[in-house]
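Written out below as structure tokens is the structure these notes cover.
The numbers here are math on the coordinates, done by the rules we state, and not lab data. Here the structure is a predicted model, which means the values were calculated and not measured. When we count neighbours, we look across all protein chains shown, and the Cβ atoms used for this are built from the backbone with ideal geometry, even at glycine.
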Amino acid sequence: MLQALSVFLLWSLNPSGRSGQAEFAVFLAVVLVSLSLVSYVFRVEKWGRTPSKALIVGGSIFLLVLLFAGLFV
Amino acid sequence: MARIVRWFDSRLGLSHEMLRPVPQYAINPFYWLGALAVIAFVIQGITGAIMLLYYVPSPTQAYASTQYIFQSVTYGTFLETVHLYTAYAMIMLAFMHMIRGYFVSVHKKPRELMWVVGMLMGVVTLGFGFTGYLLPWTVVSYSATHVGIGMIDVLPPPVSSFLSFLVVGAGGDATVLLRFFDLHVVVLPAALLVLLVVKMYMLETHGISEPVTGSEPLPEERRKLIPIFPDVSIYLLELAALFGAAMLLISVVFPLTLPPEYSAAAASQYVAQPDWYFLWIYQVVKIAAFEANGPLGQYGLPMALSVISIVFVVLFLLPFIDRSEEKRISRRPLYTTFGAIFVAEIVILACWGLLTPGETIPDLQALVVLGGTALAVSIVSLMCFKLVFGGLGRIGGGVRVSPPTSRTAPVVTAGLFASVLAVGALSIGGLLDSVVGLFMDGASPALLAPFALSLLGLALSVFGTIYLIYRLDFMTGEIRRHVRFLEVGSD
């Protein structure tokens, strides 16, 4: 969901201004962090283990912080 | 869809095991520092290729074209910033990869040549930094690069003439810029790719080095092999995505600004200073003894470069110098201490160089700071071996400290804790005080002595904290009588 939202936001940016480029970088970071979290859960479950709740909750909070930060850079 | 996948698989053989599976113990970011450096290289390749569409390698247009990328190209600032920070990350990761390899003895039989190839890759990586720095043709990059080029003349004649032919040529600034550009975008990437293939081939032959676990064999579960595709690839994807995100966020927090264009007038207002990864070399060259008007005269600079070359030669030949089969840190006190001194000296020299741009370093200061750092690190290292490993291996003939009894253990631990707190607080206060003084008044022996003492105190308190962490078993609330160290190197 966060990936979809961040990709949607990417289309609304001004790619030549410094601020727009900073927003792009933050939203791209959101995409990458969420991709990393999804891969982590997939891999750990594939190996028959339980993903760390702390990591998932912490990662999700970090993603939300990044998304909001992206709106203000 | 399945038919399409099967069609490609039957032609490309993707489902065949092309690469050696990876043992479970290697699912740890520290095993993938080299892979992350390669990912940084790939990101640089992509961002660099886009910038190539606009950059013009000529002294009259290099700066203007770089400025055009910054100001007019879509996502141009983003491209430049990410290109620069991934270059920094690549150099840092390569350095960390080497240092980790040194401490866990990956250079030992049968991986000696892997170490040599890795060192060559490290030199090529530094070459990327050196050649790429000149390309924007800013006053900072031009001045710093020409300090480096000037050093070529004092090298021994065969090396000097070869490097002059390769780098400088005979056509002035235009030739230098064009050669740096060619080296940066063609020669060095090609060399790195060839070396990467050679290193990967050797990695496939020897596999990933096993962690050293002392007398106890590695548990079977940790030896379990994991296929490269898809399992390890997914793990790498996680690391790569996090690395990419970190680079992007750093580029947002510290956006790049383009310094002024090079001109003789502008250059006179700037102090030539190389980028951070060459600062340690620059700081050695700035020591008064090596200056042209120093006691060594015209031989000063060649002498300084010889000292730096010896460091590189020793690093290259390390597998043939450190030939014992012992890999445990606890049994390698000499090499462990040398490694710690090397890292500390590089860091101190680089930070010192940052604080004293363009200043000649008095011999006494250099002696106090470099000698003091070596002494402080040696003392901390010897204390670590004495207290944590319980002996000094071959140096001390296996001297062991008798562990405290269960009655005295809490008293010893509480005493240590109080000492660590006191030393740590005093050191941090002293360090802040001396750093502020150094920034405000510049470097002087009166300020450097408390700075060195505070650093020593801080090192001792860090060591004390590490010791306490291992001494206190937080899971059970008990105090350990015997302190077992990290898995790597324990007996």
Efficiency of FRET between residue B:216 and residue A:49 - r from beta-carbon atoms, R0 30 angstrom, step 0.05: 0.80
Global form of region B:208-321, assessed from the alpha-carbon gyration tensor, a/c cut-off 1.5: oblate
Crossing angle, helix A:18-46 versus chain A [Cα axis fit, 0-90 degrees, rounded to tens]: 10
Shape of chain B, Cα gyration tensor, a/c cut at 1.5: oblate
Highest average packing first - B:366-378, B:74-86, Cβ atoms within 10 Å: B:74-86, B:366-378
Entries in A:53/B:224; A:46/B:224; B:109/B:224; B:108/B:199 that, when Cα-Cα distance is taken, lie over 21 Å: A:53/B:224; B:109/B:224
Span-rule helices in chain B, defined as complete DSSP H runs reaching 18 Å or more along the axis (Cα) with Kyte mean at least 0.5: B:33-52, B:76-103, B:112-134, B:139-152, B:188-206, B:233-253, B:300-316, B:333-355, B:363-387, B:408-441, B:445-471
Neighbour cut-off at most 15 other Cβ (10 Å), DSSP loop, chymotrypsin sites (Phe, Trp or Tyr not before Pro), region A:27-59: A:47
Mean Cα-pair separation over length for region A:18-72, i.e. relative contact order, pairs under 8 Å, 6 or more apart, %: 56
Two-site label geometry, residue B:253 and residue B:426: point separation in nm, points 7 Å out along Cα→Cβ: 3.3
In region A:1-72, the trypsin sites (Lys or Arg not before Pro) that fall in loop regions by DSSP, at most 16 other Cβ within 10 Å: A:49
Cα→Cβ-extended label distance, 7 Å offset, between residue B:154 and residue B:363, nm: 1.6
Net +/- balance of residues flanking residue B:67 in space, Cβ distance below 11 Å, scoring K and R +1, D and E -1: -2
Region B:255-301 versus region A:3-42: alpha-carbon centroid distance in Å: 40
Cα gyration tensor shape of region A:18-72, rounded if a/c is under 1.5, else prolate or oblate by comparing a/b with b/c: oblate
Environment charge of residue B:362, counting only residues whose C-beta is closer than 14 Å and scoring Lys/Arg +1, Asp/Glu -1: -2
Per-residue average of Cβ from other chains inside 10 Å of A:34-41: 5
Peptide B:253-260, shielding by other chains (average Cβ, 10 Å cutoff): 1
Qualifying GluC sites (Glu not before Pro) in region B:231-326, DSSP loop, other Cβ atoms within 10 Å at most 11: B:325
Chain B, relative contact order [Cα under 8 Å, separation at least 6], %: 18
